[in-house]
Amino acid sequence: MLKLLALLDTTHVVRTNRTSRSGGHDTEGHGTDQGPWRDADQVERAVVQWVGWYNTERLHSTLDYLPPEEFEAAYYRSLFAPNAT
């Protein structure tokens, strides 16, 4: 894996991925601007930070621009709420 990392221009990869992951919006400030990384441990930390942001904080257009975690919580609350009818 270290050989692969040595071959990557991580600065280019970060810029490209930062824009493509967000549907064309810059995700700067979400732990993605750390490269180039020196070793696999730094890459792993950056990936964990990004996955945490992606799964809990990002706004998602399909979910009425709510973060996935908030949308899921609202969904489960609606299952146990008494019917308004």
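Values in this text are rule-based calculations from the coordinates and carry no lab data. Just so we're clear, the structure is a prediction, and the values are computed from it rather than from any experiment. A quick note on method: Cβ atoms are made from the backbone with ideal geometry, for glycine too, and the neighbour counts reach across all protein chains shown.
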Inset, instruction - Compute the length gained on full extension between Val47 and Ala73: take 0.36 nm times their separation in residues and subtract their Cα-Cα distance, giving the result in nm to one decimal. - result: 6.9 nm
Inset, instruction - Would you pull out the residues with amide H under 5 Å of His60's amide H, same chain only if 5 or more places away, H placed 1.01 Å from N? - result: Tyr65, Leu66
Legend entry - Among 49-61, 71-83, the order from most to least packed when residues are scored by Cβ within 10 Å on average: 49-61, 71-83
